[in-house]
Amino acid sequence: MSGHRHFVIHKPYGYLSQFVNNQSKRKSSKRLLGELHPFPIGTMAIGRLDEDSEGLLFLTTDGMVSEQVRSKKVEKEYFVQVDGVITEEALKSLMIGVEIGIHGNKYVTFPCKASKLDPTPGFKERSKRVRSDRHGPTSWISITITEGKFRQVRKMTAAVGYPTLRLVRVRIGNVFLNDLSSGDFIEVDQFDIA
C-alpha cells in the first residue's frame, strides 16, 4: 500500500484546477479546488480543466500517476455546447484535424472523434447561465481527443466556426463522469484508465 490517495471529482464551473494560487494578487479572488473539500495535503490535479470548463478531473497525492493519465494513448471525451447548428462538414473537419494557435505557433490537431449529440445531454444549468435562447440556436457535440493542448477543444470548435459556449469533460480512458454532481467527488483505489 503506497499510502497515496486518489479522487475522481466533477470540477464545477468557475474553479481553477489547482490548490495553491500561484497567480498575481489581482487573481486572488479565484476559487480553488481545496475550497470544495479538505483534501489531503499534497493533493494535486492531473491535467487541467480551465476555469470556464467543467467535468471529470482526477486528483492524487502521487505525482507519478500523472504521466500515465496524460499519455497520448488515453482518450479524453468532452461534451461541448457550441454556438449555432453545427454541420456535418464542420464535424468532418474536426475529425481530420484543424489548425489552431498554441503559444503563438500554428499547430494542426491530431485526428479525433467528433459527433453531434442527439438528444442533448441533460446537464443541470451551471452557476453562470450560458446565454438565453433568443441569441439563436446551439448544438451539443462530443469530441474525443488524445492530446491536451492549452484550451484545445475551444480552439478547435472556433476554428470550424462554432465557438464553445459550455465544455464538460465526461470521460478519461475508462473512467466516466456518469451522474457525479458538480462539486462532488469519490475516492478510488486507482484510476482505471487502461
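The table below lists the values:
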| read-out | value |
| --- | --- |
| Filtered residue count, region 35-77, keeping only those that are charged (D, E, K, R), assigned to a loop (DSSP other than H, G, I, E, B) and within 18 Å of the chain's Cα centre (by Cα) | 7 |
| Any hit, region 3-17, residues being more than 17 Å from ARG151 (Cα to Cα), modelled with pLDDT under 95, outside any strand (DSSP E or B) and of a type in the set (Ser, Thr, Tyr) | no |
| Criterion: surrounded by fewer than 20 Cβ atoms within 10 Å (Cβ to Cβ) and closer than 21 Å to GLU187 by Cα - qualifying residue of GLY97, GLY3 | GLY3 |
| Matching entry among LYS116, LYS124 (being touching a residue at least 12 places away in the same chain (Cβ under 8 Å) and loosely packed, with under 13 Cβ neighbours inside 10 Å) | LYS124 |
| Failed item, numbered, when VAL153 is tested on (1) crowded, with 20+ Cβ neighbours inside 10 Å; (2) more than 13 Å from LEU57 (Cα to Cα); (3) in contact with a helix residue (DSSP H, G or I) (Cβ under 9 Å, 6 or more places away or on another chain) | (3) |
| Some residue of region 147-158 being at pLDDT below 95, small (Gly, Ala, Ser) and touching a Lys or Arg at 6+ places or on another chain (Cβ under 7 Å) | yes |
| Output for region 105-128, where each listed residue is among the polar types (S, T, N, Q), at pLDDT 90 or above and in a loop (DSSP other than H, G, I, E, B) | THR109 |
| Near pairs, Cβ below 6 angstrom, 6+ apart or cross-chain, from region 138-160 (within 17 Å of SER71 (Cα to Cα) and not assigned by TED's automatic domain parsing to the domain that holds LEU16) to any residue that is part of a strand (DSSP E or B) and basic (Lys, Arg) | THR144/LYS113; ILE145/LYS76 |
| Enumeration of residues in region 71-92 that are surrounded by fewer than 16 Cβ atoms within 10 Å (Cβ to Cβ) and either within 22 Å of ASN174 (Cβ to Cβ) or not charged (D, E, K, R) (or both) | SER71, LYS72, LYS73, GLU75, GLY84, VAL85, THR87 |
| Test for GLU89: is it modelled with pLDDT of 95 or more and assigned by TED's automatic domain parsing to the domain that holds PRO119 | yes |
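The values are calculated or read from the model by the stated rules, or taken from the named source; none is laboratory data. Being a predicted model, the structure only gives us computed values, none of them experimental. Counting neighbours? That spans all protein chains shown, and the Cβs are built from the backbone with ideal geometry, glycine included.
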